[in-house]
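Working notes, structure below.
Any read-out appearing in this document is the output of simple, stated calculations on the displayed coordinates, not a laboratory observation. Quick caveat: nothing in here was measured; it's all calculated off a predicted structure. FYI the Cβ positions are ideal-geometry reconstructions off the backbone, even for glycines, and counts take in every protein chain you see.
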Amino acid sequence: MGYIGKVHLRNSQKIANADLEAVADVSKRALSEAKRAGAKKTYTDYEDLLKDPQIDAVIIGLPTHLHTDCATRAAENGKHIMLEKPIANNTSDAREIISTAQRHNVKLMVGYPLRFTKVFSDLKNRLITGELGDVVTAYAANVSTGPFMHRAQGHAPIPVPDWWFRRELTGGGALIDLGSHMINLLRWYFGEITEIKAKLGYRFNLDLEDQAVCLARFESGTMGIFNLGYFSQKYQVKVELIVLRITQLLIINFLILWWLQCRCYRLVLQLFGSRILLNSNIF
Ligand SMILES: NC(=O)c1ccc[n+]([C@@H]2O[C@H](COP(=O)([O-])OP(=O)(O)OC[C@H]3O[C@@H](n4cnc5c(N)ncnc54)[C@H](O)[C@@H]3O)[C@@H](O)[C@H]2O)c1
């Protein structure tokens, strides 16, 4: 029942075939808020909630270092899981969560809301139909306050929980926090990443990076550029695609060869490449 927990609580109450049964949190204040918001039961130890036979599925919005324990215990108790991103703060824990969910035959979903944001799901459909042509380069940016202001929740700054500034608990800074959203989205569009390089920035002298720029190649051949950082008061999420429309490319190639005896690919790109810009303000 921290920042994202409250978002999930509100949203779960809008789902017609779901009942909000219980909330677990170490904070008594959070639990009384949950009661007021309609939770039938509250627990201070999530282990007790996970043993509750009335519960079929759980949403886990705990600090990242607690994801592994809570998600594996949920799976062992046969609960389906919606787990907040990033799945864990290191890859071996992430694999453990996935294999435990598989072993216990429960559904596991990691919270990447951009896939359900209309502008980005529409883009996925347009990529599937091939309407956009060949995507040469994809630029994805995710820039926000990060933990410097707790998700710009209020009009005045409120204290940010300490765990957000400890690398061993978060697994990292802007790259894992904001970057995982954009990497997840572009992998959905263009397939697995076959190569990636990242440069990290530490302008605020924290233990974790406040900036990351990555260059990636996807199995589709598309190149990706990721621009991530904790340096904007406004939450900005953007995808920009440079595409070649293949029918136009073939026609112009033909004309150029026949007419100008020129094979200048760059010229074709300049003339017929398109830029598609998508912005989303989801929070
Ligand atoms: N999908 C998204 O866009 C998105 C957005 C924000 C946060 N998140 C993720 O959600 C997770 C939580 O982030 P947050 O900003 O809501 O954190 P937060 O610190 O605001 O909330 C964490 C909550 O967990 C409770 N808690 C801590 N230890 C506990 C324990 N042992 N047992 C029970 N409850 C405990 C705290 O009291 C608090 O209410 C993080 O992994 C973060 O990356 C995802």
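Numbers below:
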read-out	value
Student exercise, the stretch 51-155 dipole from Lys, Arg, Asp, Glu Cβ charges, in Debye to nearest 20	100
Extension gain, Asp162 back to Met109 (0.36 nm per residue minus Cα-Cα distance, nm)	16.4 nm
Magnitude of the charge dipole, the stretch 1-41, Cβ model with Lys/Arg +1 and Asp/Glu -1, debye to 20	160
Relative packing of peptides 70-83, 23-36 - highest average C-beta neighbours within 10 Å first	70-83, 23-36
R0 of 45 Å, Cβ-Cβ distance Thr44-Lys197: FRET efficiency to nearest 0.05	0.50
The stretch 3-111 - charge dipole about Cα centre, Lys and Arg +1 at Cβ, Asp and Glu -1, debye rounded to 20	400
Taking N as its residue count, the alpha carbon Rg of the stretch 3-111 over 2.2 N^0.38 Å	1.01
